[in-house]
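The values are calculated or read from the model by the stated rules, or taken from the named source; none is laboratory data. What you see is a predicted model; the values in this text were computed from it and never measured. Heads up, the Cβs are rebuilt from the backbone with ideal geometry, glycines too, and the neighbour counts pull from every protein chain shown. The protein model used for the area step is the full one, side chains on, heavy atoms only, and it has no ligands, DNA or RNA in it. Shrake-Rupley method; radii C 1.70, N 1.55, O 1.52, S 1.80 Å.
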Amino acid sequence: QVQLVETGGGWVQPGVSLRLSCAASGRTFSPGTMAWFRQAPGKEREFVAAIRWPGISTFYGDSVKGRCAISRDSAKNTVFLQMNNLTPEDTGVYYCAAAQQRVINSYVYTFPYPYWGQGTQVTVSS
């Protein structure tokens, strides 16, 4: 069993940056995939980014491509989501998800990840 805890959310003004963290508890696992999703009130859940290992591969949703970077610290069992040039459209609850397998390329967006964190709120406004 894997437990995930997201941190790093908060309120920021447009144009600034945030770095979210997702820490996985328990024994380290490999291969694996971890992903970020977000959801705003009244909207569908949206894929943000994913990373898989071994043989690191990263994936990004269209809405954040070029503004975000996902990375992993294997020693700390933690993934990070660096978000730059934030806009009000980035507002939402950000959730971390994980799977104990290296998910095939096209499936990272829709895979039924068995593990989810509680979410961290990101609010971008003036």
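Here are some notes:
- Residue list for the stretch 49-58, filter: at negative phi and either open to solvent by 50 Å² or more (accessible area, probe 1.4 Å) or not in a strand (DSSP E or B) (or both): PRO54, ILE56, THR58
- Of all residues in the stretch 1-41, those that are charged (D, E, K, R) and within 14 Å of PRO114 (Cβ to Cβ) total 0.
- Filtering the stretch 94-113 to residues that are without any contact (Cβ under 8 Å) to a residue 60 or more places away in the chain and of a type outside the set (Ser, Thr, Tyr) leaves ILE104, ASN105, PRO112.
- Scanning the stretch 68-126 for residues that are open to solvent by less than 40 Å² (accessible area, probe 1.4 Å) and either of a type in the set (Lys, Arg) or touching a helix residue (DSSP H, G or I) at 6+ places or on another chain (Cβ under 7 Å) (or both) turns up MET83, VAL122, VAL124.
- Some residue of the stretch 4-11 being acidic (Asp, Glu), crowded, with 21+ Cβ neighbours inside 10 Å and in a strand (DSSP E or B): yes
- Scanning the stretch 39-48 for residues that are touching a strand residue (DSSP E or B) at 6+ places or on another chain (Cβ under 8 Å), closer than 18 Å to ALA23 by Cβ and either open to solvent by 30 Å² or more (accessible area, probe 1.4 Å) or among the polar types (S, T, N, Q) (or both) turns up nothing.
- Filter pass, THR28 being among the polar types (S, T, N, Q) and at pLDDT 95 or above: no
- Output for the stretch 49-86, where each listed residue is out of contact with any strand residue (DSSP E or B) (no Cβ under 6 Å at 6 or more places or on another chain) and hydroxyl-bearing (Ser, Thr, Tyr): SER57, SER63, SER74
- Consider the stretch 12-38 and keep the residues that are touching a residue at least 40 places away in the same chain (Cβ under 8 Å) and of a type in the set (D, E, K, R). The one that is least open to solvent (accessible area, probe 1.4 Å) is ARG38.
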